[in-house]
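Everything on this sheet refers to the single structure shown next.
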Amino acid sequence: MIVVSDVRIPLGAGEDDAVGAACARLHIRESAVADHRLRRMSYDARHREVTAVCSVLLTLRDAREEARL
């Protein structure tokens, strides 16, 4: 299991958007993910635009790829 923290998504975006952003950060395809969960979600209103900040747990289909990351 991989924890990707500080994933920023637009306010009102869904869990799939958070998973997509986490995959983009790791440079992997979403199809490589076997399972995912949102670990934590908070909101950042310090800047002009309010964003959701998430921690996403990912389990990949290939254990070797997961170990590489």
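The values are calculated or read from the model by the stated rules, or taken from the named source; none is laboratory data. Because the structure is predicted, anything quoted here is derived from the model rather than measured. Heads up, the Cβs are rebuilt from the backbone with ideal geometry, glycines too, and the neighbour counts pull from every protein chain shown. The protein model used for the area step is the full one, side chains on, heavy atoms only, and it has no ligands, DNA or RNA in it. Shrake-Rupley method; radii C 1.70, N 1.55, O 1.52, S 1.80 Å.
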Practice task
Only Lys, Arg, Asp and Glu count, each charged at its Cβ (+1, +1, -1, -1), so figure out the dipole size of the chain about its Cα centre, rounded to 20 debye.
Solution key: 200
Exercise for the section: Go ahead and set up a Gaussian network model of the chain, Cα springs under 10 Å, then flag whichever of E49, E30, E15 fluctuates most. Expected result: E49
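For R61, what is the net charge nearby, where nearby means another residue's Cβ is under 15 Å from its Cβ and Lys, Arg count +1, Asp, Glu -1? Let's see the in-between values first.
On the way: positive: R29, R64, R68; negative: E30, D35, D62, E65, E66.
Neighbourhood net charge equals -2.
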Problem - Solvent exposure of the chain as accessible area per residue, Å², 1.4 Å probe - result: 69
Fill in the blank from the handout: What helix-only [θ] at 222 nm does the chain give? Using -39500 (n - 2.57) per DSSP H run of at least 4, over all residues, to the nearest 500, the answer is -7500 deg cm²/dmol
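Are there any trypsin sites (Lys or Arg not before Pro) in region 27-69 that are in a DSSP loop and have at most 13 other Cβ atoms within 10 Å? List them by number. Intermediate values should be presented prior to the final figure.
On the way: sites: R29, R37, R39, R40, R46, R48, R61, R64, R68; in loops: R29, R46, R48, R61.
Qualifying residues, ordered by number: R29, R46, R48, R61.
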Fill in the blank from the handout: Rounded to a whole %, the carbon-and-sulfur portion of the accessible area of the chain at a 1.4 Å probe is 47
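Given 0.36 nm per residue, what is the gain on full extension from H27 to E49 after removing their alpha carbon distance, in nm? Could you put the intermediate results ahead of the total?
Numbers: separation 22, 0.36 × 22 = 7.92 nm, distance 2.58 nm.
Length gained between H27 and E49: 5.3 nm.
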Exercise for the section: Give me the angle, in degrees from 0 to 90, between the Cα long axis of helix 15-26 and the longest principal axis of the Cα atoms of the chain, rounded to the nearest 10. Expected result: 60
Exercise for the section: Could you check how many percent of all C-alpha pairs in the chain are farther apart than 20 Å? Expected result: 27
